[in-house]
Amino acid sequence: MVLRKRVELEKDFYKNELLNMGYFKTPEGLQLYELTLSELEDIYKAEKARRKHDG
């Protein structure tokens, strides 16, 4: 149960960060809440890198 809570907390962190960046949906139309932790983490890293490059 502790692991599940940890995963949910991490998912919430990535969702909030992505929302703050203005990222709401994947190009495929999936909402952030539909994604796995690893998908959220990958998108977050990619967006952060893209913004650093564009910025």
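Tabulated results
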item: Given (1) assigned to a loop (DSSP other than H, G, I, E, B); (2) touching a helix residue (DSSP H, G or I) at 6+ places or on another chain (Cβ under 7 Å), index of the condition Tyr14 fails; result: (1)
item: Residue that is nearest to Lys48 (Cα to Cα), among those in the range 14-34 that are open to solvent by 80 Å² or more (accessible area, probe 1.4 Å) and not acidic (Asp, Glu); result: Asn20
item: Failed item in (1) surrounded by 10 or more Cβ atoms within 10 Å (Cβ to Cβ); (2) more than 13 Å from the chain's Cα centre (by Cα); (3) of a type outside the set (S, T, N, Q), with Lys11 passing the rest; result: (2)
item: Residues within the range 35-50 that are assigned to a helix (DSSP H, G or I), surrounded by 12 or more Cβ atoms within 10 Å (Cβ to Cβ) and of a type outside the set (Ser, Thr, Tyr), tallied; result: 8
item: Filter pass, Tyr23 being touching an Asp or Glu at 6+ places or on another chain (Cβ under 8 Å) and either part of a loop (DSSP other than H, G, I, E, B) or of a type in the set (Phe, Trp, Tyr) (or both); result: yes
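The values are calculated or read from the model by the stated rules, or taken from the named source; none is laboratory data. Remember, predicted model here, so these are calculated numbers, not experimental data. As a convention, Cβ positions derive from the backbone with ideal geometry for all residues, glycine included, and neighbour counts pool all protein chains shown. We work out accessible area using only protein heavy atoms, side chains counted, and drop any ligands, DNA or RNA first. Shrake-Rupley method; radii C 1.70, N 1.55, O 1.52, S 1.80 Å.
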